[in-house]
Protein chains: 2
Amino acid sequence: MVAVRNKIQSTAVTIQDVAAAAGVSTASVSRALSGSRPVRPETLHKVLEATRRLNYQVNPVASALRGKITKTVGMVVPDITNPFFPAVVKSVEDVLHDLGMSLFLCDSSESPVVEAERIAALLNRGVDGIIVSPVDNLASRAAIAAAAKRVPLVQIDRHVNVDSDIVTVDHGAGIALAIDHLISIGADSFAFVTTAKQSSIANERLAAYMRKLRPLDRMSAHRVLRGDLTVEWGRTAALKLIDESCPRAIVCANDLIALGVLQALRSQGLKVPQDVAVTGFDDGLLAQVANPPLTSVHQPLEALGREAVRMLTSAIEDRSLPPRKLRLAPSLSIRESTVPTASETAGLSSN
Amino acid sequence: MVAVRNKIQSTAVTIQDVAAAAGVSTASVSRALSGSRPVRPETLHKVLEATRRLNYQVNPVASALRGKITKTVGMVVPDITNPFFPAVVKSVEDVLHDLGMSLFLCDSSESPVVEAERIAALLNRGVDGIIVSPVDNLASRAAIAAAAKRVPLVQIDRHVNVDSDIVTVDHGAGIALAIDHLISIGADSFAFVTTAKQSSIANERLAAYMRKLRPLDRMSAHRVLRGDLTVEWGRTAALKLIDESCPRAIVCANDLIALGVLQALRSQGLKVPQDVAVTGFDDGLLAQVANPPLTSVHQPLEALGREAVRMLTSAIEDRSLPPRKLRLAPSLSIRESTVPTASETAGLSSN
DNA sequence: ATGAAAGCGCTAACAC
DNA sequence: GTGTTAGCGCTTTCAT
C-alpha cells in the first residue's frame, strides 16, 4: 500500500465560521481580533472564545489583499555564505517572528544585477519593508533608491549613498581599537590587508588605518594590500608581506582575510603572536574557530539585526519619519593571536 | 528640508488596465500570461505588448487568494549560524527564484518548540511546500508529520521517522571514506568525536565508525567521545584523548568539532598531521579556513539544496507522488591535516 | 458599538 | 478561443 499524501485538505476555518459561532458579524470578529476599533467586552469575549474553540487563524493572504499590509519583510544579503550574515539574519528573523511577521530571504550573490531582481521581486510581493546590505557602492544605488521610494528600507552594515535608514557599526573606531591594542602589546610596524572593492565599510576601515598610523609610522601607514574579502587573498597577501618587509602586526579588514593570513604565517613557520600579531574584523564564528584563536573587532551582530528591524517597523508604522542613521559601537575581543606576552614586558617576544 | 519618504504611492497597474489597453477581457490576459489555457497568437501578442508597455506585474497576493497557490516555500533550519546551512539555503533560494518562487526562512534555534511554531506559521501563510531539517529525532516528529499531511514536505540532511520526501547524503559511506584514507596513510589507532544527541545522521555516522573499525581494532572501535557538535566540545574531547591514550587519528562528526580538536592539539604542541591526523565532516567553509587546512568528508551542499527543491516542486505539481528518498554520495576532500608524508612511506612520521 | 455590504486583484467555471 | 461572472477571506466604509 503506497502512502498517498494530503488526502485530507483540512478545510480552513474562516472568519465567517467564527462570526457564526460567536453570534456576531464578521466585522466584529475582525475588529475584536485586530483591535482596529473598540468592541464591547462581552463581544470580545465571545469572539475570543469562538476563535479558540474553532482554532481559527486569520488568513494572511486575504488579509494582505484587503488590508494592504502583508506582515512580511524582505532581506537581501550579498552572500549568506559569509558567516557575518547568518548571524544578522538569525536575529532579524527572530525579532520579526515575535512581531508576527515573516522573512523573505534573498541572496544577491554579490551581483548588483541579481540584487536588483530580488528587490523588484520583493516589492512585487508587497513586502512591508526591506532590509538590504548593498553589494556595490555605485551599482546598487539605483535599485535601492527606487525601492526606498516605495517602501521603508533600511541599509544594514554596508550602505550606498541613498536617503534611507542605516544601521551599521563605527568601522573606523573598530580599526582604531585594533591598532591601539597592537601598539599596547609592543607592535611597532604594521600592515593592512583589505579589499580593493569600494564599499562604505571598506573605505571607512582603510581611512581609519591610515589616519591612525600616519603620525606613528609613515611606512606602516602605507603598507596596504588590496584584494578581496576572502581567505585566499589573506594567504596571498601574507606571503607577499613575508617575502618583503614583514611587519610585526597585520591588521585585517575581516575575519576571512585574517584566517588566510594565519594559514600563510603558519606555513612559513612563523609563530603567532610571537613573531607576528594578527587582528581580524567581525568577530563571528570564524574568529572563535581560528587556530590560534583570533583577536578581532567585535561587531554586535545580534544588535545590528535587532535594531534594523526596530527601525524598519517604526518606519512602517509612520512613513513620514525622516531617515535615521544608527551607528553602533564596536569592541575588541582579545584572543591568543595578540595576547600580551607577559604583564610587565610590553614588547612582542622574538624567540 | 527634511526628506519625507514614500510621497508617491505608485498606483499599481492591475490586470484590468492591461485588459483595457489590449482590448481583451481580463480572463484572456490571465490565460495569456499564465498559459493556463491556449489563446490566439494575436491575442497573446496584444496582451504581451500591453503588459510590457504598462509594465504590469501580476499581484501575487491576489493570485494566491484566488488560485490557492502562493509561489512561496518555507524552509526551517536548526541554526543558520552553522555554516552547513547557509550553503544549502543559498542553493535553495537560487533555484526557487529561477522558478519564480520566494523563500520564507525560519530558524528554529535547535528548539523543537520553536520549530513547531515556525512550521505552523508557514502553514498558516499558505506556503506551497516546506523544506525542513528537523531538530530532534523524537521531539520534532509530531509537527513534521502534521505538516507533511497538509503540504508537500522534504526533510533535508537530518530526518525524523515520517513518511515524507528525504534528501541526504550517505553519512555512513562518508565516515568509511575518511577511515579508509586514514588507514592508507598509516594510521593504526583511532578515536571518534561526536554528539550525544540522537539524530538520524549522528546515528549513521557512529554506526559506520564502529562497523568499520571493529574488525581492525576493537580498542579504537570503542574510543568514542560524545558531546555536541561544537568547537568547544572538540577542544574538550581532544584534551581528554591527549590525557589518556592518544590515538594516531581522530575522526570528527563535523567540521566544528574538528576545528576544536585542531586548536587543542596545537595548544599541546602536537603536530598535525605528523603526530595526529584529523578528519572533519561537511567540508564547508570551515574546512577550508582551518589551520592547518582540514581533510573533510565533502557534502554536496549545493546539490542537496537543488535536489530538495526539485523534489518539492515535483510533489507540489503532483501531490499523489509517493514519498521518495534521495541519498547523495559523499566524497573526501584531502587537505594538509592528513596529507601522506611521502609517496613510499605509508606510515605517519613521528618526529 | 455593531452589522450590512462593497470590494482588494485575481482565476476558474460557465457560457457562448 | 473568448467574455462574463462569481467568488477566494478579509477589512473597512457607511449606516444605524
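I want to verify a result. In a Gaussian network model of chain B, Cα cutoff 10 Å, which of these has the top mean-square fluctuation: B:333, B:102, B:28?
Greatest mean-square fluctuation among the candidates belongs to B:28.
For chain A, state the semi-axes of the equivalent ellipsoid (square roots of 5 times the eigenvalues of the alpha-carbon gyration tensor), sorted largest first and rounded to whole angstrom.
51, 21, 19
For chain A, with a Gaussian network of springs between Cα atoms less than 10 Å apart, report the residue from A:39, A:95, A:135 with the top mean-square fluctuation.
Residue with maximal mean-square fluctuation among A:39, A:95, A:135: A:39.
Over all directions, average the projected area of the Cα convex hull of region A:115-254 and note it in nm².
On the way: hull surface 37.2 nm².
If I average the Cα hull's projected area over directions, I get 9.3 nm².
PRE reach from residue A:336 (point 7 Å along Cα→Cβ): which of region A:294-320 fall under 17 Å by backbone N?
Under cut-off, by backbone N: A:294-296.
When the gyration tensor of region A:219-267 is built from Cα positions, what are the square roots of 5 times its three eigenvalues, in whole Å, from largest to smallest? Walk me through the intermediate numbers first.
Working: eigenvalues 47, 31, 16 Å².
Taking √(5λ) for each Cα gyration eigenvalue gives 15, 12, 9 Å.
Partner chain Cβ atoms within 10 Å, averaged over the residues of B:316-328 - can you pull that number for me? Don't jump to the answer; show the numbers that get you there.
Values: counts 0, 0, 0, 5, 5, 3, 4, 4, 0, 0, 0, 0, 0.
Neighbouring Cβ atoms belonging to other protein chains average 2 per residue here.
Of the cross-linked pairs A:149/A:325; B:68/B:90; B:149/B:325, which ones have a Cα-Cα span greater than 20 Å in the structure shown?
On the way: A:149/A:325 17 Å; B:68/B:90 27 Å; B:149/B:325 17 Å.
Those over the limit are B:68/B:90.
Over what distance in Å are the Cα centres of region A:140-155 and region A:51-112 separated?
Value for the Cα centre distance between the two parts: 18 Å.
What number do you get for the protein assembly as shown when its Cα radius of gyration is normalised by 2.2 N^0.38 Å, N = residues?
Values: Rg = 28.1 Å, N = 702, 2.2 N^0.38 = 26.5 Å.
Here the Cα radius of gyration is 1.06 times the empirical estimate.
Of B:73, B:24, B:154, which is the most mobile in a GNM of chain B whose springs link Cα atoms less than 10 angstrom apart?
Highest fluctuation among the options: B:24.
Can you give the alpha-carbon Rg of region A:83-141 over 2.2 N^0.38 Å, where N counts its residues?
Values: Rg = 12.2 Å, N = 59, 2.2 N^0.38 = 10.4 Å.
In units of the 2.2 N^0.38 Å rule of thumb, it is 1.18.
With a ≥ b ≥ c taken as the square roots of the eigenvalues of the C-alpha gyration tensor of region B:61-163, please select rounded if a/c is under 1.5 and otherwise prolate if a/b is larger than b/c or oblate if it is not?
Values: a/c = 1.98, a/b = 1.29, b/c = 1.53.
It comes out oblate by the Cα gyration axes.
Straight-line reach from residue A:240: which lysines have a Cα under 21 Å away, not including same-chain ones fewer than 8 places off?
Within the straight-line limit of under 21 Å, residue A:240 reaches these lysines: A:197, A:271.
Suppose R0 equals 25 Å. What FRET efficiency, 1/(1 + (r/R0)^6) with r the Cβ-Cβ distance, do residue A:117 and residue A:161 give to the nearest 0.05? Before the final figure, lay out the partial values.
Values: r = 22 Å, r/R0 = 0.87.
Efficiency at R0 = 25 Å is approximately 0.70.
On average, how many beta carbons from a partner chain sit within 10 Å of the beta carbon of a residue in B:77-88? Present the calculation step by step, with values, prior to reporting the outcome.
Details: counts 2, 0, 2, 9, 8, 3, 7, 0, 2, 10, 2, 1.
Per residue, the number of nearby Cβ atoms from other chains is 4 on average.
Over region A:1-153, what relative contact order in percent results from Cα pairs under 8 Å that are six or more residues apart? Numbers along the way, then the final one.
On the way: 183 pairs, mean separation 29.5, N = 153.
Answer for region A:1-153 is 19 percent.
Read-outs throughout are calculated quantities, based only on the coordinates presented, and are distinct from any laboratory measurement. Worth saying up front: this structure is predicted, and the values here are computed from it rather than measured. Reconstructed Cβ throughout: ideal geometry from the backbone, glycine too, with neighbour counts over all protein chains shown.
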